[in-house]
Amino acid sequence: MLMKNSTLTVVSAQLPSSDAADLLLELLDGDAFTPTFWEDIETHAVRLDVFLEDATTASDVETALTQAATLAGLDITCTRDTLENADWQEAWKRFFHVERISERIVIRPSWESYDAKPGEAVIILDPGMSFGTGKHPTTRACLQLLDKLTEGDLGRPVLDMGCGSGILSIAAKKLGFTHVRGFDYDPDAVQVSKENAALNDVEIPFEPRNLADNLDEGAIVLANILGPVLIQYAKEVTCAVLPGGQLIASGILDTLYPEVKAAFEACGLVEEENILIGEWRSGRFSRP
C-alpha cells in the first residue's frame, strides 16, 4: 500500500524471536496501529517496525509497544527514524521471495519470476505495509486448510471475514472457487485487497463492514481473526456458515484455542481438524 507522504516516521524495536513477535501482536490493540514484523532471511534477526505518516503519534506508539512488551515479559528498546518512501520500496524486497505455502499454493512477489507447474495457484503479492503475506503462521494455516477443500464443489460460495490483504480470497479464486466475497472493518485493508485482486487479475467484491453487521453467508467461511474476537463474535461467525458448510478459523494462540473451540461448539459447529504452526493453532469446523 503506497503512503501519501514522501517521508515516513518509523518506530522500531529488536525482538528475541518470532514467537515473541507473535505474543506482542496478540497483546497490542489492533485498532490503534499495525506493526510489521520482519525476520531477516540471512541473520534470522526479528525486527518490529511501525510506519507512521503522522510523526506526532510516534510517542503514543512507543508507549503502547513498551507496555505490551512488559506484559509479555520482554525487554525492548524503541528507536525512531525517518524513511523515504523510495528507500522503503527497495528495502522490503530482501525479506520476500517465492515461497510454496501448500501443495498447490505458491506466493511470489512481483519482482521475482516463477514458472508455474500445472495445477498450481500462484498468487502475486507485494506486501507493502499490509498484514497477510503468507509468511505468518495463521495465514499459512488458512491457505493449507483451504487448499484441501478444493476436492469438493468449486461452486460453493466463499466468504472471507476480515480480508486484510485479500490473500485468502485471492487464493480461493486462483484455486478455482467461482463465488468469492470479502470484507474488513478497516477501509484501508479493503482498498489493499482490491489492489491485490487487480494485481492477480481476479474479480472479488470487497466491502468495508464489521462482523456484527455482516449479512453474507458462505459454504466456506474464512476467519483469520484474533482469538478473543472469534470468541466474542462466535455466534455471528457461525451464522455466516451455511448448513453443511465449513469454517476455517485462525489467528488463535495455542493456549487460547480450547476456548475458541468451545465457543464454536456451543454454537453448533463441529471441529474436523486443526493445525499448529509455531505458537498459533488454526481449526476447520463444519456446520451440520
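The values are calculated or read from the model by the stated rules, or taken from the named source; none is laboratory data. Worth saying up front: this structure is predicted, and the values here are computed from it rather than measured. Because the Cβ atoms are built from the backbone with ideal geometry, glycine has one as well, and the counts that use them run over all protein chains shown. In case anyone asks, the SASA skips ligands and DNA or RNA and just uses the protein heavy atoms, side chains included. Shrake-Rupley method; radii C 1.70, N 1.55, O 1.52, S 1.80 Å.
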Legend entry - Single match in 236, 272 (criterion: in contact with a helix residue (DSSP H, G or I) (Cβ under 6 Å, 6 or more places away or on another chain) and charged (D, E, K, R)): 236
Inset, instruction - Answer yes if at least one residue in the stretch 278-286 is modelled with pLDDT under 95, under 21 Å from the mean Cα position of the chain (by Cα) and either in a loop (DSSP other than H, G, I, E, B) or closer than 21 Å to residue 219 by Cβ (or both), and no otherwise. - result: yes
Legend entry - Answer from 221, 237 - the residue that is in a helix (DSSP H, G or I), touching a strand residue (DSSP E or B) at 6+ places or on another chain (Cβ under 6 Å) and open to solvent by less than 60 Å² (accessible area, probe 1.4 Å): 237
Legend entry - Yes/no for residue 115 being modelled with pLDDT under 90, of a type in the set (Asp, Glu), open to solvent by less than 50 Å² (accessible area, probe 1.4 Å) and assigned to a loop (DSSP other than H, G, I, E, B): no
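Only residues that are outside any helix (DSSP H, G or I) and open to solvent by less than 40 Å² (accessible area, probe 1.4 Å): list them for the stretch 18-30, please.
Within the stretch 18-30, the subset outside any helix (DSSP H, G or I) is 28-30.
The answer is 28, and nothing else.
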Legend entry - Test result for residue 247, out of contact with any helix residue (DSSP H, G or I) (no Cβ under 6 Å at 6 or more places or on another chain), open to solvent by less than 50 Å² (accessible area, probe 1.4 Å) and modelled with pLDDT of 95 or more: yes
Legend entry - Conditions (1) assigned to a helix (DSSP H, G or I); (2) at pLDDT 95 or above; (3) under 24 Å from residue 125 (Cα atoms): number failed by residue 258: (3)
Inset, instruction - Return the pairs, sorted by first residue and then second, in which the second residue is of a type in the set (Gly, Ala, Ser) and crowded, with 18+ Cβ neighbours inside 10 Å, the first residue lies in the stretch 134-153 and is more than 20 Å from residue 108 (Cα to Cα), the beta carbons are less than 7 Å apart, and the residues are 6+ apart or on different chains. - result: none
Legend entry - Residue in the stretch 164-199 that is modelled with the lowest pLDDT, counting only those that are open to solvent by less than 10 Å² (accessible area, probe 1.4 Å) and part of a loop (DSSP other than H, G, I, E, B): 165
Inset, instruction - Considering each residue of the stretch 229-254, count those that are touching an Asp or Glu at 6+ places or on another chain (Cβ under 8 Å) and over 15 Å from residue 218 (Cα atoms), and give that number. - result: 3
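Is it true that some residue in the stretch 142-153 is in a loop (DSSP other than H, G, I, E, B) and buried (at least 22 other Cβ atoms within 10 Å of the Cβ)?
no
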